[in-house]
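Single-structure report; data block below.
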């Protein structure tokens, strides 16, 4: 196994390549977080088990089991894998057509997942063969067709919004209003509300709820119970948390993760 820095024994992703390559990582046998880095190739981070949070300068992307986050080439990023995580990294040449130009979380079909897992299990010689490169072309073509999931949390570089984001990540149960946050960061309620919408593209309440979804998925993917997750996020009851989760993702936590488990290889 290899550390989460995107390297492999026979391939350095900082060097341009003309073919697609995949590798497996087990978080139990490696560091669970990679330092910020970038490489010229595009990267798909596929969570086979557990979850991954991908951080880029302008946001966070959550990767629950059986989903993947696409990171275009050249984008600085770091990946944090839950302790129970098993991950595949897929590296794609920067000139591959049809792939997203921005980071996004993608729903991954069983076919695509099996193709990635197959490539990850190949030796260096096998990965470079003509047959494997043709298979990789099919994989990349299918990857461009995957639908996106709403698992993105925008983050602003504005120092006051960064202060609020850091505070809420440290204490997600904090239910301070916009007016209360305004007093804490020396801004009026109206000015702060306007800044949040301008910088993050949504209201403060919607942004905090999205942060809760990201944090909930992190905890649930790591194996925490729904009750513990609801308590950590400051919900008055488990039912209130489940209602929020269902309204946002269309399924209860139990159904959402049951479907992910059923799709696991």
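The values are calculated or read from the model by the stated rules, or taken from the named source; none is laboratory data. Everything numeric here is computed off the predicted structure, so don't read it as measured data. Quick reminder, even Gly has a Cβ in these numbers, built from the backbone with ideal geometry, and neighbours come from all protein chains shown.
Observations
- Each residue in segment 82-93 was checked for being in contact with a strand residue (DSSP E or B) (Cβ under 6 Å, 6 or more places away or on another chain) and under 16 Å from residue 144 (Cβ atoms), and 3 pass.
- Selection status of residue 229, more than 20 Å from residue 51 (Cα to Cα), in the same structural domain as residue 181 (by TED's automatic domain parsing) and at pLDDT 95 or above: no
- Scan segment 209-238 for residues that are under 17 Å from the mean Cα position of the chain (by Cα) and in a helix (DSSP H, G or I) and the total you get is 13.
- Condition check for residue 145: out of contact with any strand residue (DSSP E or B) (no Cβ under 6 Å at 6 or more places or on another chain), assigned by TED's automatic domain parsing to the domain that holds residue 80 and exposed (fewer than 15 other Cβ atoms within 10 Å of the Cβ): yes
- Among the residues making up segment 118-128, those that are out of contact with any strand residue (DSSP E or B) (no Cβ under 6 Å at 6 or more places or on another chain) and at pLDDT 90 or above are 118, 121, 122.
- Taken over segment 114-131, the criterion of being touching a residue at least 60 places away in the same chain (Cβ under 8 Å) and crowded, with 19+ Cβ neighbours inside 10 Å is satisfied by 116, 119, 120, 127.
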